[in-house]
Structure formats: C-alpha cells, structure tokens
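Input: a single structure, listed below in structure tokens.
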Amino acid sequence: MIRQAIIPLAGLGTRLLPLTSVFAKELLPINGKPGIEYIIDECIEAGIKEIVFIISDKKLMIKNYFYNDRFYKKIIKKKKDKRIINEYKKILKYKKMIKFVYQNKPLGTGDAVLKTKKLIKDKYFLMLLPDDLIIKQNCSRDMIKSHIKYKSSVMASMSVNKKTISRWGVYNLGKKINKSNYFINDVVEKPKLKDAPSNKAVIGRYILPRSIFHIISKLKPGAGGEIHITDAIRELIKMNEKFIAHNFKGKYLDCGSMHGYIKSGLEISKL
Ligand code: G1P
C-alpha cells in the first residue's frame, strides 16, 4: 500500500505574478477552493493517510491556513454558521494528516524530495506537484493500482504537442504493458525538440521508491544549478528499478501559468 504522499510547495510561483507577489499560489482559489485542497482530496480518495508538505519560510501562509484554529473558534462562537463549521471541520481533518518540512533555498524538486527523507516510512511513496491538477478521474488512485499490480515505480504520462516539448520531462518508452501503462527506458528533463525521445511528457504524479533519497544525496546539480528529480529517476532506471509511465484518464489542468490558472477555474466550474 502507498500511505504517504509528499507535495513540494516551496516554489516562488513567478509564472503567476503579480498574484504570487504576496500570496502562495497553492492557496489561490480555483472555482472558490484553494488549489491545494483539490490535491489533498485526490490523496485522501486514493487512500493516503499522511501528507508531507515541503514549504519555505516565505510560504508560511500555507501552514497558517491549516493552523488558524483560534480564528475559527472565535467566529463560530459568535455566529453558529453551519457552512463555517463544516469548513473548519474539513480544515481540521486536513491538518491532522499534514506534516511540514522546510526547503528554504530553491534548489529544485530533487532537493525538495530529500527534505522528507526522515519522515518516509514505507518502501514507496507518492509525490504530487501542486501545479498539475487532474480532474474527472483520480490519477493517484489509478497509479497506485498499477504500482501494486506491476510492483513498479509509476509516473503519470500525457501526450503533448511537440512544440511545447522543452517544457516537460519526456519519456523514452519501452515495452507496452497495456493501453494505459508502458515500461520506460529513460526520461529526459526539458529536452530540445531534436533530442526529444517521444511526445509523452511527465505530469506531476510520481510513485517513487525510498531508495531515491540515497541517489539524490549523491547527485550533482543539473540544468539551472538545481537538483532535478528526473535525474535521480534516470539513475534509478540505470540501476534496474522498474518505472511505468501511466497514461491517465482524467483531464489535465496546468495551474502554474496564468493562462492555465484562469482556464482551470472555468473547466472546474463546468463539472
Ligand atoms: C516538472 C518536472 C517535469 C514535468 C513537469 C510537469 O517541471 O520537472 O519533468 O514534466 O513538472 O508539470 P516544472 O513544471 O517544475 O518545470
């Protein structure tokens, strides 16, 4: 079983400026609900019991969102509003399952993952990137099923327009298992169009083995001076860890760019 999830939340969100100049992008409302709550709900529905948030001291607002008990208690005492009581109950439920670790320097997703090392107990864990919303079908739940069935690490995959290829991690596909799952031979972070091994991109859902921590701790910084999770995954594949690319069924929404963020609200309002 996969019981723990981690969510890197220390990113600065420059693609969403000016909204993110004073506000954590993951708390921005998407159709009236903070983006991060969609991600937490996906985890809960997929059977996750504990979520580790990787924040920074610039993103303390995220912790405060879940630790504002005094405020809620005061309001609820004054007016017994059913809606507010229910919202507070929901926040309490989330709070119980969230732990916080800190990444105060933006040294990449690999570095963020490494910060959770002491808290991860099982052989495998789930990672979700909060910019990537997947609606209509629970991607994490389906990936956990593939993980159990094929005893592999799993990453979400989607066909993308070749014109956008250098924005993604891109798979070199191996043996087809079925319509939704392929083994992968390699994965390359943000390749040039001429070097891209396919048009299948990594989307922000990963089931990773705990052995990745050791790999990351030995990695040298890659592109942009950052430690990339993709580079750690490449090393694991070289060491014969099986990785599956899972073509998810739901609809992908990119909440990390302004255009995508606006579109996400519209798409979710139609559900
Ligand atoms: C990250 C990953 C990349 C993946 C993408 C999906 O990139 O490094 O491999 O394709 O998420 O959203 P980022 O969006 O942080 O540039």
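The values are calculated or read from the model by the stated rules, or taken from the named source; none is laboratory data. Given the structure is predicted, the values throughout are model-derived calculations rather than measurements. Please note: Cβ atoms are built from the backbone with ideal geometry, for glycine as well, and neighbour counts cover all protein chains shown. Note: accessible area is taken over every heavy atom of the protein model, side chains too, but ligands, DNA and RNA are not part of it. Shrake-Rupley method; radii C 1.70, N 1.55, O 1.52, S 1.80 Å.
The figures follow:
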| quantity | calculated |
| --- | --- |
| Area of His214 that stays accessible when all protein chains are in place (1.4 Å probe, Å², to 10) | 110 Å² |
| Bridge type composition, the chain - antiparallel percent by DSSP, nearest 5 | 60 percent |
| Range of Cα positions in the chain per principal axis (Å), largest first | 61, 38, 37 |
| The stretch 130-271 - percent of accessible surface contributed by carbon and sulfur, probe 1.4 Å | 53 percent |
| Stretchable slack from Asn240 to Arg141, in nm (0.36 nm times residue separation minus alpha-carbon distance) | 33.2 nm |
| Average accessible surface area per residue within the chain, 1.4 Å rolling probe, Å² | 51 Å² |
| Whether the stretch 1-102 is rounded, prolate or oblate, judged on the alpha carbon gyration tensor where a/c under 1.5 counts as rounded | oblate |
| Alpha-carbon Rg with Dmax, taken over the stretch 83-168, Å | 16.7, 48 |
| Antiparallel %, DSSP beta bridges [both residues in the stretch 1-120], to 5 | 15 percent |
| Neighbourhood charge, 14 Å Cβ-Cβ cut-off, centred on Lys192 and excluding it, Lys, Arg +1 and Asp, Glu -1 | +3 |
| Under Karplus coefficients 6.51, -1.76 and 1.60, residue-wise ³J(HN,Hα) of the stretch 195-210 in Hz, glycine/proline x | 9, 5, x, 6, 10, 9, 9, 6, 10, x, 9, 9, 9, 10, x, 4 |
| Gyration tensor (alpha-carbon) shape descriptor, the stretch 11-164, a/c threshold 1.5 | prolate |
| Across Lys49/Lys93; Lys58/Lys90; Lys49/Lys149; Lys96/Lys145; Lys49/Lys263; Lys123/Lys151, pairs whose alpha-carbon gap is larger than 19 Å | Lys58/Lys90; Lys49/Lys149; Lys96/Lys145; Lys49/Lys263 |
| Folded to 0 to 90 degrees: helix 229-238 orientation relative to the chain principal axis, Cα | 40 degrees |
| Degrees between helix 82-97 axis and first principal axis of the chain (Cα, 0 to 90, nearest 10) | 40 degrees |
| Point-to-point label distance, Lys77-Leu193, nm (Cα→Cβ direction, 7 Å offset) | 6.4 nm |
| FRET efficiency estimate (nearest 0.05) - Cβ-Cβ, Thr14 to Asp122, R0 41 angstrom | 0.75 |
| Helical contribution to [θ] at 222 nm, DSSP H n ≥ 4, -39,500 (n - 2.57), averaged over the chain, rounded to 500 | -10000 deg cm²/dmol |
| Magnitude of the charge dipole, the chain, Cβ model with Lys/Arg +1 and Asp/Glu -1, debye to 20 | 880 debye |
| Computed magnitude of the charge dipole of the stretch 176-271 (debye, nearest 20; Cβ of K, R +1, Cβ of D, E -1) | 320 debye |
